[in-house]
Structures are given as C-alpha cells and as structure tokens.
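Beneath this line is the structure, given in structure tokens, with notes to follow.
Only the coordinates and a few stated rules stand behind these numbers; no lab work does. Computed from a prediction, not measured in an experiment: that's the story for all the values here. Heads up, the Cβs are rebuilt from the backbone with ideal geometry, glycines too, and the neighbour counts pull from every protein chain shown.
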Amino acid sequence: MRGLFSVTLLLLLALTLSAEAGPGKGKGKHKAGKHAKAASECTPAETEYGKCVPEQGDCGEGLREVTCKGQTNKIQCRIPCNWKKDISDCKYKFGPWGPCDAATNTKSRSGSLKKVLFNADCRDTVSVSKPCSPKVKKTRGEKKSA
C-alpha cells in the first residue's frame with residue numbers, strides 16, 4: 001500500500017512539473033482570434049467576410065464565410081438573440097435611454113459608430129428602442145408597503 005502511494009505521488013509531481021514547463025495562457029504568446037486563423041496569410045484588405053448565418057433560427061451560434069485569394073473557409077460567429085442582431089457586426093457607443101413614450105410604451109436611445117467588424121456596411125448612427133419597464137423603481141430610502 002505504501003509503495004502504491006509513493007508511485008501515485010511521484011506521478012502527480014511529474015504531471016505538475018510538465019504542466020508548468022509547457023507554454024501556458026498569457027505567457028507572452030499571442031493567440032490569434034477566430035477570424036485570423038482562417039485567413040492568416042491574407043491582409044485585411046484582401047479578406048472578404050460573409051454574413052453570419054445562424055445554425056438554428058435567426059440568432060445564436062453560426063458560421064461565416066471568409067474568402068481570401070480564391071480560397072473560402074468557414075469560421076464560427078454568433079448573432080445576439082435580442083435587438084442587436086441587426087447591427088451585430090457594427091459596434092456603437094450608446095447614450096442613456098430616453099423617457100418612456102406613453103403612446104407606444106417604448107423608450108429609445110441612439111448610438112454613434114465606434115468600430116466596424118468583418119468589413120460590414122455600418123450606418124454612422126443608429127436608433128434602437130425597447131418596451132418600457134412595467135415596474136416603478138424605488139429609491140433607496142423607500143420601504144415596501146405591506
């Protein structure tokens with residue numbers, strides 16, 4: 001029994017040392033992004049990206065075609081399952097939500113273009129809206145009425 005314990009301890013020590021010796025995350029090695037792996041020998045100007053096509057439904061995980069120098073590959077992508085799916089390849093800086101419009105029961109806000117991903121066609125400004133919250137937020141000093 002004592003011999004089995006010693007062998008197990010030595011194996012555990014050897015595994016620990018080999019794991020420390022190998023390259024780990026964040027140790028100076030830059031890991032390319034998902035889209036850089038597919039077309040690593042191409043410049044961004046030579047690379048054409050297709051739309052993200054979800055595997056099921058109209059949002060979620062999917063695939064995007066990447067074409068470079070006549071070679072087409074597919075890479076993984078994701079379409080958000082909320083109001084952002086129309087602008088998923090464009091990144092915007094949004095302001096605060098506006099007041100609730102009682103007629104439509106929605107509130108809206110606008111955003112200005114911050115970053116374009118995958119050579120997408122993006123508008124300079126966008127406006128989005130969402131339903132108003134039915135709950136009235138209470139301030140910190142208020143207590144629940146019983």
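Points to keep in mind about this one:
- Size of electric dipole in the range 77-131: Cβ of Lys, Arg +1 and of Asp, Glu -1, about Cα centre, debye, nearest 20: 240 debye
- Net charge of Cβ neighbours under 13 Å - reference K69; Lys, Arg +1; Asp, Glu -1: -3
- Highest average packing first - 74-80, 42-48, Cβ atoms within 10 Å: 74-80, 42-48
- Non-local lysine pairs in the range 83-132, meaning eight or more places apart or on different chains, with alpha-carbon distances under 16 Å, amount to 13.
- Ranked packing of 94-105, 114-125, most packed first, by mean Cβ within 10 Å: 114-125, 94-105
- Karplus-derived 3J(HN,Hα) values for the range 63-75, using 6.51 cos²θ - 1.76 cosθ + 1.60 with θ = phi - 60°, are 10, 10, 7, 10, 10, 8, 6, x, 9, 10, 10, 10, 10 Hz; glycine and proline are entered as x.
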